[in-house]
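A.B. asks: My structure is below; once you've seen it, I'll send some questions.
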């Protein structure tokens, strides 16, 4: 099953993809759909339809109760950033105001000179869990999406805490789809290629099979600390190839187009623009 949230004249709507058509499920967004304990059945409802071509994708879940990110989860990225291999997941958070849609523009904050890219596999939680283990952690995974963890590296590196460089307003595209585990090789531990291009130049490519902490392990770990709710998002970390790790460091500039893709799920295509709020 492939689910998304689109913008319509009447507001955002959760939709199910059927071929080249998007079918409304009767919910305001994918988060509202997942809040229904019977969401797998509810997602099959028949409602108004929209063509996929030209659809205006909102961020997948408009108001998740939390977005938890994993900072170091691929060996090659850990090495390029100068860190030791972790024995536990390195976690930080984002706020919902940071999230944007799959094709939305990314504003370039005038306060940063180091706007960087990070393609990531996103885990979308489908049920409330606390201290989940084994099968309960697996069952809590509704599906997977694509996240581009756009980062202001100069702000991130100001202190030992990364939040201020990671949750800039309207900086993090998520989408375009939630794809359920049954449609992906590896299921709840998917083995998918992740890649990112800037202006058509390949910058990142790896496989989610190389994650140090897989999606099930992350649900177990995070739910030990705090309950996970339907619609919560876990960004599982990025592979090597970020601009900050290049010699010399290379960062995003106004007008550049970033394409972050996860095999079997879809691609985020976002242009960097002048920040209209500055």
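The values are calculated or read from the model by the stated rules, or taken from the named source; none is laboratory data. It should be emphasised that the depicted structure is a prediction, and the values quoted were computed from it without experimental measurement. For neighbour counting, all protein chains shown are included, and Cβ atoms are generated from backbone atoms with ideal geometry for every residue, glycine included.
A.B. asks: Scan 218, 202 and give me the residue that is modelled with pLDDT of 95 or more and crowded, with 21+ Cβ neighbours inside 10 Å.
C.D. replies: 218
A.B. asks: Do any strands (runs of 3 or more DSSP E) entirely within region 207-278 hold 3 or more residues that are farther than 16 Å from residue 70 by Cα, and if so, which?
C.D. replies: Strands (runs of 3 or more DSSP E) meeting the threshold: 257-262, 266-274.
A.B. asks: Do any residues in region 232-254 that are free of Cβ contacts under 8 Å to residues at least 24 places away in the same chain have Cβ atoms under 8 Å from those of residues that are crowded, with 17+ Cβ neighbours inside 10 Å, where the two are at least six apart or on different chains, and which pairs are they?
C.D. replies: Matching pairs, first to second residue: 250/243.
A.B. asks: Would you check which residues across region 159-169 are in contact with a strand residue (DSSP E or B) (Cβ under 7 Å, 6 or more places away or on another chain) and surrounded by fewer than 20 Cβ atoms within 10 Å (Cβ to Cβ) and list them?
C.D. replies: Hit for region 159-169 is 163, nothing else.
A.B. asks: Let me ask another. Sort through 15, 61, 23, 52 and tell me the only one that's under 18 Å from residue 235 (Cα atoms) and either touching a residue at least 24 places away in the same chain (Cβ under 8 Å) or buried (at least 17 other Cβ atoms within 10 Å of the Cβ) (or both).
C.D. replies: Exactly one residue qualifies, and that residue is 61.
A.B. asks: Being crowded, with 21+ Cβ neighbours inside 10 Å and at pLDDT below 95 narrows it down to one of 211, 178, so name that one.
C.D. replies: It is 211.
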